[in-house]
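Engineer: So that we are looking at the same thing, I have put the structure below in structure tokens.
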Amino acid sequence: MFWANKARLLVLLVLPSLAFLFLQQFYSHSQCPGLVEKSSPMHVLILSSWRSGSSFVGQLFSQHPDVFYLMEPAWHVWTTLSSGNAWQLQMAVRDLIRSVFLCDMSVFDAYMAQGPRKQSSLFMWETSRALCSPPACHLFKRESIVPQDDCKILCSKQPFNLVEEACKSYSHVVLKEVRFFNLKTLQPLLTDPSLNLHIIHLVRDPRAVFRSRENTKRELNYGSHVIMGKQWNKIKSEDQPYHLMTAICLSQQEIYKAAQLLPDSLRERYLLIRYEDLVQDPLTQTSKLYEFAGLRFLPHLQIWVRNLTQGKGMGGRAFDTNSRNAQSVSQAWRRSLPHDKVVQLQKICKDYMNLMGYLPVLSEKDQKNLSVNLLSAVEFP
Ligand SMILES: *[C@@H]1O[C@H](CO)[C@@H](O)[C@H](O)[C@H]1NC(C)=O
Ligand SMILES: *[C@@H]1O[C@H](CO)[C@@H](O)[C@H](O)[C@H]1NC(C)=O
């Protein structure tokens, strides 16, 4: 009896180990030559708000040959489930993000019209270098910087199933989203064992965001409805931008604060970056971002980023600003935004600005005088 049990125990313990060793051997030898061993993929979420330079940061990742990138996949959720507000839609957004990180593109079935689909059915697909190079499209190389305008012309006919195939061939999946307003929604993804989620939280001076939004009001109007819900139409139109900025400042601040409360093991998966620091020193900041994501800053990417700082080779419209004038663009609100608006913004976003090191201007004279520095050096933990 005793021995029979012991033998059974032995079988229970030893057989699985042998099977494991066998499978391990089998898999390590069955790798296609040239393919890097597929360790667990890295998932990076660029978390930001509108007009905060997230397309720029998205491109820094998209052009990396190890990265499969999509820009704002949750656009499909918001435009399809148009009766919901941001709060109601956040779980659908989260579940979509999770599926896309795992390269399960069937999730888009719920948000796209029936019938044959192309990869160009995806919102802003051409901003993804991965969808412009093999296996998605054979007209550009994975290791090249691909301008999105060229890709849009040459790779738009590719069938939709190539999106999934392409995604599965990368070690890093990077998504950019502006449709999260708290960290709580995302927390289950941080602890999800099938994901290795890292969050890059990109923030920008709310005065610059406000000015930039004023220039793109019509495009952003739909999103504003979703953010503010039913109350939106009851707000006087001249007050609407301030209500919106209140919501944006508050949500960005809450995300940052919630991240500080994460347990250490998760805390290190969150990185805060200010857009202003990025445009001031793109090489250093890009290298920091890549390091966080476990990516090598390859020589051709270093040249490309250096080119960007010299105003050369934008690689498409994603850079609606180049870095040489990015600095003056990020200061443009100081000339064009009336001082009373600035004062009002500084009031409603006071805590957020304080937290992020954006200094208030105390007079119109200081606002217009570009020698007055409005960015304090903050070391974020
Ligand atoms: C950098 O700029 C030079 C000069 O304009 C150009 O020839 C080169 O292709 C650019 N390289 C990259 C990687 O953008
Ligand atoms: C602009 O600000 C700088 C730095 O504070 C100051 O030295 C300078 O006098 C100011 N210029 C004007 C015209 O006020």
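The values are calculated or read from the model by the stated rules, or taken from the named source; none is laboratory data. Just so it is clear, the model here is predicted, and its values are computed rather than measured. Please note: Cβ atoms are built from the backbone with ideal geometry, for glycine as well, and neighbour counts cover all protein chains shown. Just so you know, the surface numbers come from the protein's heavy atoms only, side chains and all, with ligands and any DNA or RNA stripped out. Shrake-Rupley method; radii C 1.70, N 1.55, O 1.52, S 1.80 Å.
Engineer: Can you give the Kirkwood hydrodynamic radius of region 122-176 from its Cα pairs, in Å with one decimal? Show your work: numbers first, answer last.
Structural biologist: Values: mean 1/r = 0.0898 Å⁻¹.
Here the Kirkwood hydrodynamic radius works out to 11.1 Å.
Engineer: If you find the alpha carbon centre of region 44-71 and of region 157-215, how far apart are they in angstrom?
Structural biologist: So the two Cα centres are separated by 7 Å.
Engineer: A further question follows. Would you mind checking Lys118/Lys288; Lys141/Lys176; Lys236/Lys350; Lys257/Lys365; Lys257/Lys368 for any pair whose Cα atoms are more than 27 angstrom apart?
Structural biologist: Numbers: Lys118/Lys288 35 Å; Lys141/Lys176 23 Å; Lys236/Lys350 23 Å; Lys257/Lys365 33 Å; Lys257/Lys368 32 Å.
Flagged as over cut-off: Lys118/Lys288; Lys257/Lys365; Lys257/Lys368.
Engineer: If you don't mind, there's one more thing I want to ask. Please report the net charge: other residues with Cβ closer than 13 Å to the Cβ of Asn369, K and R +1, D and E -1.
Structural biologist: On the way: positive: Arg334, Arg335, Lys365, Lys368; negative: Glu364, Asp366.
Surrounding charge for Asn369 is +2.
Engineer: Ordered by packing density, taken as the mean number of other Cβ atoms within 10 Å over each peptide's residues, highest first, how do 358-364, 166-172, 131-137 rank?
Structural biologist: Averaged packing, sorted descending, gives the order 131-137, 166-172, 358-364.
Engineer: Apply 1/(1 + (r/R0)^6) to the Cβ-Cβ distance of Gln114 and Glu165, taking R0 = 22 Å, and write down the FRET efficiency to the nearest 0.05.
Structural biologist: Once the sixth-power term is evaluated, E becomes 0.55.
Engineer: Taking all protein chains in place and a 1.4 Å probe, what share, in percent, of the accessible surface of region 33-123 do carbon and sulfur account for?
Structural biologist: Carbon and sulfur atoms account for 54 percent of the accessible area of region 33-123.
Engineer: Here's a follow-up. Hey, can you find the accessible area per residue of region 209-295 for me, probe 1.4 Å, expressed in square angstrom? Write out the running numbers ahead of the final one.
Structural biologist: Values: 4340 Å² over 87 residues.
With all protein chains present, region 209-295 gives 50 Å² per residue.
Engineer: Follow-up. In bins 5 Å wide, starting from 0, what share of all Cα pairs of region 102-245 does each bin hold, as a percent?
Structural biologist: Result, from short to long distances: 2, 7, 14, 15, 15, 15, 16, 11, 4, 2, 0 percent.
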